[in-house]
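Have a look at the structure below before the remarks.
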Amino acid sequence: AQRVTQPEKLLSVFKGAPVELKCNYSYSGSPELFWYVQYSRQRLQLLLRHISRESIKGFTADLNKGETSFHLKKPFAQEEDSAMYYCALVSNTGNQFYFGTGTSLTVIP
Amino acid sequence: NAGVTQTPKFRILKIGQSMTLQCAQDMNHNYMYWYRQDPGMGLKLIYYSVGAGITDKGEVPNGYNVSRSTTEDFPLRLELAAPSQTSVYFCASSPQQRIAPQHFGDGTRLSIL
């Protein structure tokens, strides 16, 4: 069963426009959700985790348990945001970790 | 600032050959993970370890073995390479488990022909 779904493989927005990368999950219990980012020629790195309720590089993500979503948002996209973004979930037992297939974001100057 | 180091970066194997993908971290992290990423897919967990001497299966462990004799090293072994194991392999580590993998290696691109 697909645990994490990222419906958009590719997403393009203009610089300064709002951006939303969608993530839906399927898991009972209380999973923890994360966003990872991979910039060109760089390693995959952790961007956000929902338990921290933090804003990193202007990005935020709110866990919506009713809609089982964890969309990543930024009000004003920058060119340096162009990257591959992965949504991920860890099981409530902490020993299983599921990644989405990723969304490639391109910010057009 | 080495972080997580994976070797080799690229490798081509023939069907039936064996090899070990090396992974080392210098951050004294207890938790280490091996993932594979097939084209157009997300990462899938192969094996993980919560500390030296302790390993457990992830989502796709068949065809692989791991060991964790030290905190620093977490090698992944392919005993009989099959074309289905053609993938990019990532090693990762974190100081705690549910906090999720925080540090990834550069990956090893493996082709089985």
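The values are calculated or read from the model by the stated rules, or taken from the named source; none is laboratory data. It should be emphasised that the depicted structure is a prediction, and the values quoted were computed from it without experimental measurement. Every residue, glycine as well, gets a Cβ built from its backbone with ideal geometry; the counts of neighbours run over all protein chains shown. Ligands, DNA and RNA are stripped out before the accessible areas are found, and what is left, the full protein with its side chains, is counted by its heavy atoms. Shrake-Rupley method; radii C 1.70, N 1.55, O 1.52, S 1.80 Å.
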Seminar exercise, completed: Note on chain B: the mean projected area of its alpha-carbon convex hull, in nm², is 6.4 nm²
Exercise. Under the definition of partner shielding as Cβ atoms of other protein chains within 10 Å of a residue Cβ, what is the mean value for peptide A:37-45?
Worked result: 3
For this session: Pop out the ³J(HN,Hα) list for segment B:53-69 in order, Karplus 6.51 cos²θ - 1.76 cosθ + 1.60 with θ = phi - 60°, rounded to Hz; leave Gly and Pro as x.
Result: x, 10, 9, 8, 7, x, 7, 10, x, 4, x, 10, 9, 9, 8, 9, 7
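Using a 1.4 angstrom probe on heavy atoms only, work out the carbon and sulfur share of the accessible area of chain B in %. Walk me through the numbers before you get to the answer.
Details: 2670 of 5250 Å².
That share works out to 51 percent.
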Seminar exercise, completed: Simple spin-label estimate for residue A:104/residue B:62, 7 Å along Cα→Cβ, in nm, reads 3.1 nm
Problem set entry | Virtual paramagnetic centre 7 Å along Cα→Cβ of residue B:80, amide N under 15 Å, in segment B:38-72 | B:62-65
Exercise. Under 5 Å between amide H atoms, partner at least 5 residues away or on a different chain: which partners does residue B:86 have, H built in plane at 1.01 Å?
Worked result: B:112
Exercise. Can you give the convex hull volume of the alpha carbon atoms of segment A:4-108 per residue, in Å³?
Worked result: 93 Å³
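Over all residues in B:100-108, what is the mean tally of Cβ atoms on other chains that come within 10 Å of each residue's Cβ? Working shown, then result.
Values: counts 12, 8, 5, 4, 7, 2, 4, 2, 0.
Mean shielding by partner chains, rounded to a whole number: 5.
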For this session: Find the accessible area per residue for segment A:4-108; the probe is 1.4 Å, ligands and nucleic acids are left out, and the unit is Å².
Result: 48 Å²
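First measure r as the distance between the Cβ atoms of residue A:67 and residue B:96, then evaluate 1/(1 + (r/R0)^6) with R0 = 25 Å and state the FRET efficiency to the nearest 0.05. List each step's numbers first, then the result.
Numbers: r = 28 Å, r/R0 = 1.14.
With R0 = 25 Å, the Cβ-Cβ based efficiency is 0.30.
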Problem set entry | Test item: Cα-centred dipole of segment B:4-112, Lys/Arg +1 and Asp/Glu -1 on Cβ, debye | 240 debye
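Using a probe radius of 1.4 Å on protein heavy atoms only, what is the accessible area buried between chains A and B, both sides summed, to the nearest 100 Å²? Write down the numbers at each step before the final one.
Details: alone 6330 and 6190 Å², together 10660 Å².
Interface area, both chains combined: 1900 Å², rounded to the nearest 100.
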Exercise. How big is the C-alpha Rg of the protein assembly as shown next to the rule-of-thumb value 2.2 N^0.38 Å, as a ratio?
Worked result: 1.02
Problem set entry | Cα coordinate range in segment A:35-80, projected on the principal axes (Å, largest first) | 36, 22, 17
Exercise. Put +1 on the Cβ of every Lys and Arg and -1 on every Asp and Glu Cβ in the protein assembly as shown; which of B:87, A:37, B:16 then has its Cα farthest towards the positive end of the dipole?
Worked result: B:16
